[in-house]
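The values are calculated or read from the model by the stated rules, or taken from the named source; none is laboratory data. Since the structure is predicted, the reported quantities are computational estimates derived from the model, not experimental observations. As a convention, Cβ positions derive from the backbone with ideal geometry for all residues, glycine included, and neighbour counts pool all protein chains shown. Heavy atoms of the whole protein, side chains included, go into the accessibility calculation; ligands, DNA and RNA do not. Shrake-Rupley method; radii C 1.70, N 1.55, O 1.52, S 1.80 Å.
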Amino acid sequence: MEESINNMESHVKKKRKGGMITMPFIFVNEICEKLAVVGFGTNMISYLTKEMHMPLTKAANTLTNFSGTSSLTPLIGAVLADSYAGRFWTITIASGMTTLTISAILPQFRPHPCKANEVCQQANTSQMAILYASLLFNALGAGGIRPCVVAFGADQFDEKDPKQATKTWKYFNWYYFCMGASILVAVTAIVYVQDNIGWGWGLGIPTVAMFLSVIAFIIGYPLYRNLDPSGSPFTRLLQVSVAAFRKRKLKLVDDHELLYQNDEFDASISLGGKLVHTKHMKFLDKAAIVTEQDNIKSNQQPNPWRLNTVHRVEELKSVIRMGPIWASGILLITAYAQQNTFSLQQAKTMDRHLTNSFQIPAGSMSVFTTASMLSTIAFYDRVFIPLMRKLTGLDRGITFLHRMGIGFIISILATLVAGFTEIKRKQIALEHNLIDKPNLTIPISVFWLVPQYSLHGIAEAFMSIGHLEFFYDQAPESMRSSAMALFWTAISAGNYVSTLLVTLVHKYSAKPDGSNWLPDNNLNKGRLEYFYWLITGLQVVNFVYYICCAMTYTFKPVQVHNRNCDDSGKEAGIQLGNNIA
């Protein structure tokens with residue numbers, strides 16, 4: 001025991017770098033990645049409908065499928081980072097894959113522009129193949145960056161160092177603030193270039209920025225606190241499952257102290273502390289019951305496909321416990337996804353002029369989402385946390401589960417308000433006889449959409465950052481890249497649910513007279529407000545589900561090794577705590 005702890009301490013000391021000095025290099029990489037991905041995706045509905053001549057519902061589904069895939073590929077990046085390459089090299093390699101401008105620069109990869117009074121020609125098979133290949137490579141690049149940058153940045157702060165203990169959870173606010181600032185630039189300057197100068201420049205600028213960020217990130221390498229990969233976490237989870245199944249007929253032990261423990265075997269995956277046995281999911285404890293067939297000898301590692309330590313069993317329990325909370329975030333993303341599809345189409349029909357000669361690009365309306373998110377993050381960090389800290393006594397002010405709950409409530413309000421705004425938009429169109437004229441501007445200010453965009457931004461500041469904190473804090477330390485991937489897979493699932501929902505609503509709301517809740521060519525004749533309220537109702541049900549999950553959730557128990565040792569070299573103490581504050 002003493003030797004294994006000493007080995008862990010020497011490992012940490014050898015790696016002790018990091019700190020605030022590394023943040024500029026990490027944040028620059030994240031900012032440029034968001035410029036590339038968001039600059040490509042925010043206004044993509046316009047590119048697909050105007051340049052590729054896709055029908056609206058097909059374009060909306062293509063966009064949400066791309067967003068879903070971009071949020072699913074982090075599983076691949078996380079496995080590579082946690083198992084083999086480490087987070088630094090995964091980020092570096094993936095950053096080079098987000099260079100996608102070919103289909104926008106070369107006209108042969110797009111259909112011919114529409115001429116007056118003729119039916120627009122849709123993209124052919126080869127042009128669509130180029131588009132989908134570009135989207136796929138963009139998604140793969142994002143898959144390497146997204147789960148690793150968050151965890152890599154948090155790794156720079158040593159949670160066992162009292163001076164850095166509170167900086168980890170503050171980091172998530174800083175990270176999201178920098179990400180939001182880059183999104184703000186993407187939805188204003190980049191979208192403006194795309195709409196007014198051209199898609200070649202509009203996609204080329206973030207590509208160059210991404211290339212420069214890779215150089216900056218590599219320059220910071222000597223300063224980083226790099227944690228070595230500790231083998232595939234999914235293999236360990238599978239090993240526990242197989243071992244428990246093999247011993248399914250064994251009787252559970254009465255005393256959990258009799259379960260197998262091996263600090264030396266777990267040293268590389270428990271640098272920050274050892275997971276403590278919990279009473280839930282006891283059938284998995286059978287993986288840690290020692291039998292004669294296990295043939296355990298002194299100084300010999302066990303066969304993990306037959307016998308696992310309590311720490312490894314608790315890793316699997318922790319992941320399973322996170323599942324219901326993970327699933328609760330899906331519908332919030334489904335609601336959020338409508339901003340880049342139908343909300344953007346609403347904006348296109350409305351008066352977007354700020355002056356007689358300048359109008360806001362429809363794709364830039366999400367600036368209000370980002371601005372409200374940034375303002376909320378600043379308010380949360382500087383005002384809300386100090387105030388709540390006095391009331392609750394928690395360093396974080398409130399737990400991440402409470403933070404997520406607030407986000408759910410605000411998201412419900414966002415889609416509810418969106419439905420009423422759509423009714424107002426169509427009412428003005430009817431008053432001016434514009435229902436049958438989808439290409440004409442309705443004399444209603446686009447700023448009517450600001451409340452729904454802003455509410456989504458406020459909801460994201462609470463829910464998404466709370467989700468990040470939850471996954472990083474509650475995941476086993478050797479699986480934190482994979483935990484960040486879970487955050488992105490929730491986003492992926494939300495986008496796919498959006499695709500499914502749009503497809504089903506479009507199909508089953510169609511009537512013989514051609515009317516539809518979500519029409520392809522004339523939003524004025526649709527019932528978009530019903531679609532928004534359908535999402536509102538689903539979110540209410542989801543919120544009730546979340547409350548049940550949060551009330552029954554068991555926090556991860558960790559046995560933290562104390563750094564202070566007495567003169568005899570023995571442990572000064574072991575602290576048992578739940579990382580809930």
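Structure data summary
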| item | result |
| --- | --- |
| Flag for SER328 being surrounded by fewer than 24 Cβ atoms within 10 Å (Cβ to Cβ) and touching a Phe, Trp or Tyr at 6+ places or on another chain (Cβ under 6 Å) | yes |
| Residues within segment 477-492 that are under 11 Å from ARG146 (Cβ atoms) and of a type in the set (Gly, Ala, Ser), tallied | 3 |
| Number of the exception - ILE398 against (1) farther than 26 Å from ALA186 by Cβ; (2) open to solvent by 50 Å² or more (accessible area, probe 1.4 Å) | (2) |
| Pairs where the first residue, in segment 280-295, is touching a residue at least 60 places away in the same chain (Cβ under 8 Å) and the second is open to solvent by less than 30 Å² (accessible area, probe 1.4 Å) and not hydroxyl-bearing (Ser, Thr, Tyr), C-beta under 8 Å, 6+ apart | HIS280/LYS317; HIS280/ARG321 |
| First in segment 474-503 and closer than 22 Å to THR415 by Cβ, second anywhere and open to solvent by less than 10 Å² (accessible area, probe 1.4 Å) and not in a helix (DSSP H, G or I), Cβ under 6 Å, 6 or more apart | ALA490/GLY329 |
| Selection status of ILE410, over 23 Å from TRP533 (Cα atoms), of a type in the set (A, V, I, L, M) and surrounded by fewer than 23 Cβ atoms within 10 Å (Cβ to Cβ) | no |
| Given (1) surrounded by 20 or more Cβ atoms within 10 Å (Cβ to Cβ); (2) outside any loop (DSSP other than H, G, I, E, B), number of the condition LEU518 does not satisfy | (2) |
| Residue that is surrounded by the most Cβ atoms within 10 Å (Cβ to Cβ), among those in segment 252-290 that are within 17 Å of VAL558 (Cβ to Cβ) and among the acidic types (Asp, Glu) | ASP266 |
| Given (1) touching a Ser or Thr at 6+ places or on another chain (Cβ under 8 Å); (2) farther than 20 Å from ARG480 by Cα, number of the condition PHE265 does not satisfy | (2) |
| Complete set of residues in segment 400-429 that are out of contact with any Asp or Glu (no Cβ under 9 Å at 6 or more places or on another chain) and either of a type in the set (Gly, Ala, Ser) or at pLDDT below 90 (or both) | GLY405, ALA414, ALA429 |
| Which numbered condition PRO443 misses (of (1) out of contact with any Lys or Arg (no Cβ under 7 Å at 6 or more places or on another chain); (2) open to solvent by 30 Å² or more (accessible area, probe 1.4 Å); (3) part of a helix (DSSP H, G or I)) | (3) |
| Test set (1) farther than 24 Å from LEU354 by Cβ; (2) in contact (Cβ under 8 Å) with a residue 60 or more places away in the chain; (3) open to solvent by 10 Å² or more (accessible area, probe 1.4 Å) - TRP448 fails condition number | (1) |
| Unique residue being farther than 27 Å from PHE379 by Cα and either surrounded by fewer than 18 Cβ atoms within 10 Å (Cβ to Cβ) or out of contact with any Gly (no Cβ under 7 Å at 6 or more places or on another chain) (or both) when the list is SER492, SER498, SER454 | SER498 |
| From the options LEU63, LEU135, LEU140, residue that is closer than 30 Å to GLN156 by Cα, modelled with pLDDT of 75 or more and assigned to a helix (DSSP H, G or I) | LEU140 |
| Qualifying positions in segment 263-287 - modelled with pLDDT of 85 or more and more than 26 Å from ALA78 (Cβ to Cβ) | HIS277, LYS279, LYS282, PHE283, ASP285, LYS286 |
| Filtered residue count, segment 296-330, keeping only those that are of a type in the set (D, E, K, R), farther than 24 Å from GLY466 by Cβ and in a helix (DSSP H, G or I) | 1 |
| Matching option when the condition is in a helix (DSSP H, G or I) and charged (D, E, K, R), among LYS424, LYS437 | LYS424 |
| Subset of segment 339-382 that is basic (Lys, Arg) and open to solvent by 40 Å² or more (accessible area, probe 1.4 Å) - its residue that is farthest from HIS456 (Cα to Cα) | ARG382 |
| Residues of segment 291-313 satisfying the condition of being open to solvent by 70 Å² or more (accessible area, probe 1.4 Å) and out of contact with any Asp or Glu (no Cβ under 9 Å at 6 or more places or on another chain) | GLU292, GLN293, ASN295, LYS297, SER298, GLN300, TRP305 |
| Those residues of segment 48-88 which are open to solvent by 20 Å² or more (accessible area, probe 1.4 Å), of a type outside the set (A, V, I, L, M, F, W, C) and more than 23 Å from ALA510 (Cα to Cα), in sequence order | LYS50, GLU51, SER67, THR69, TYR84, ARG87 |
| Residue within segment 236-249 that is of a type outside the set (Phe, Trp, Tyr), outside any helix (DSSP H, G or I) and open to solvent by less than 30 Å² (accessible area, probe 1.4 Å) present | yes |
| Which listed residue is crowded, with 23+ Cβ neighbours inside 10 Å and either in a helix (DSSP H, G or I) or under 16 Å from the mean Cα position of the chain (by Cα) (or both), from LEU416, LEU486, LEU430 | LEU486 |
| Residue match in segment 377-398 (condition: small (Gly, Ala, Ser) and modelled with pLDDT of 90 or more) | no |
